[in-house]
Amino acid sequence: MKSPITARGFPTLDNKDNLQTGIDVNGVVQDVTRDVKDLTMPVQSSNDAGRFLCDFIYYTSLHEAAARFGEEGLKRVLFVHVPPDGTLEEGVKVLEAVIKSIVTRGTSVA
């Protein structure tokens, strides 16, 4: 599996160029692929949130969480691309499984 996404490239007052989620992304992917059967959409980790809005939203969310809650805040942020494959119902099942995995692994999402 690829390493978790690292958000990068947006200037901030504290000059943190790279931020990464504290969530065990590979573990979440394993849980989802185990718990949600017969998926038609891919479920995988990535080290690229994309460009423009996706990376900006992810980086800004990580930065704000770290500013408010310190390192613990990085365990509160995860960026999920929902691919155009599959159905709305399947997407809901995947996102429910992602949330369940994060909560079960003891990572705060509040």
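In this structure the amide hydrogen of Gln20, modeled in the peptide plane, comes within under 5 Å of no amide hydrogen from residues 5 or more places off or on another chain. Excluding ligands, DNA and RNA, the accessible surface per residue across the range 39-110 is 63 Å² with a 1.4 Å probe. Overall, the accessible surface of the range 38-107 at a probe of 1.4 angstrom is composed of carbon and sulfur to the extent of 58 percent. Residues in the range 55-61 carry Karplus couplings, in order, of 5, 4, 5, 5, 4, 4, 5 Hz; the curve used is 6.51 cos²θ - 1.76 cosθ + 1.60 with θ = phi - 60°, and Gly or Pro positions show x. Using C-alpha pairs below 8 Å separated by at least 6 residues, the relative contact order for the range 25-101 is 43 percent.
The values are calculated or read from the model by the stated rules, or taken from the named source; none is laboratory data. Quantities reported herein were computed from a predicted structural model and do not represent experimental measurements. Heavy atoms of the whole protein, side chains included, go into the accessibility calculation; ligands, DNA and RNA do not. Shrake-Rupley method; radii C 1.70, N 1.55, O 1.52, S 1.80 Å.
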